[in-house]
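Read through the structure below, which is laid out as structure tokens, and then see the notes.
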């Protein structure tokens with residue numbers, strides 16, 4: 001072999017030795033190191049998951065706002081129902097009171113001698129006094145009955161309002177339940193993406209660490225494989 005080819009053979013041999021050493025280093029790497037995803041793939045996955053997470057957070061903000069507003073309206077309706085129910089109870093007490101008074105007055109008048117009743121009218125000294133007495137008795141008999149009728153009309157209107165509000169309350173309650181379910185679902189999706197993002201970050205840190213270790217190994221092997229030049 002010509003001595004002129006010896007430097008080229010040495011260079012090729014050194015290159016082959018470096019490649020074999022790198023391959024051996026890869027084969028001797030700790031289990032699982034070769035299974036670490038590519039850094040670029042991980043960064044791409046992270047970007048994709050982050051975009052999805054941002055979209056989910058935006059949807060969650062909207063869902064929370066819709067749920068809170070619906071819950072506020074439900075609370076307002078509940079307060080209105082309680083107020084109307086109090087008014088109905090108060091009106092019913094007034095009706096009961098008036099009916100008792102009317103019944104008591106009717107029993108009293110029934111017990112009165114009809115002749116005494118006529119005597120009150122006929123005992124008037126003039127026609128004007130007769131008319132005044134008649135109007136007084138008529139007012140006593142009719143005022144409370146009229147007021148009682150007014151209260152009954154009011155109670156009927158309040159009861160209608162209460163029924164309408166009860167229907168509205170049921171609809172709002174169903175809406176709140178639906179919005180809460182949607183909010184909870186999006187929250188679970190956000191948590192899932194956050195866990196996935198955390199896992200990708202962990203894998204990415206490990207990939208960067210292994211990448212640096214590989215560079216250090218290759219550099220060390222390269223330095224160790226370069227033949228020393230004989231200066232003699």
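The values are calculated or read from the model by the stated rules, or taken from the named source; none is laboratory data. On a predicted model such as this, the values are computed, not experimentally measured, just so you know. Glycine also receives a Cβ, built like all others from the backbone with ideal geometry; neighbour counts cover every protein chain displayed.
Before moving on, here are some points about what is shown:
For (1) under 30 Å from residue 49 (Cα atoms); (2) free of Cβ contacts under 8 Å to residues at least 40 places away in the same chain, each residue gets a yes or a no:
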position: 142; (1), (2): no, yes
position: 146; (1), (2): no, yes
position: 157; (1), (2): no, yes
position: 173; (1), (2): no, no
position: 179; (1), (2): yes, no
position: 182; (1), (2): yes, no
position: 190; (1), (2): yes, no
position: 195; (1), (2): yes, yes
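- Residues located in region 53-75, provided they are without any contact (Cβ under 8 Å) to a residue 12 or more places away in the chain and under 18 Å from residue 190 (Cα atoms): 54, 55, 58, 61, 62, 65
- Screening residue 175 on (1) closer than 30 Å to residue 73 by Cα; (2) in contact with a helix residue (DSSP H, G or I) (Cβ under 7 Å, 6 or more places away or on another chain); (3) at pLDDT below 90 shows it passes everything except condition (3).
- Candidate set: region 192-217, residues that are exposed (fewer than 12 other Cβ atoms within 10 Å of the Cβ) and under 31 Å from the mean Cα position of the chain (by Cα); chosen: the one nearest to residue 84 (Cα to Cα): 195
- Residue within region 60-83 that is in a helix (DSSP H, G or I), under 21 Å from residue 200 (Cβ atoms) and at pLDDT 90 or above present: yes
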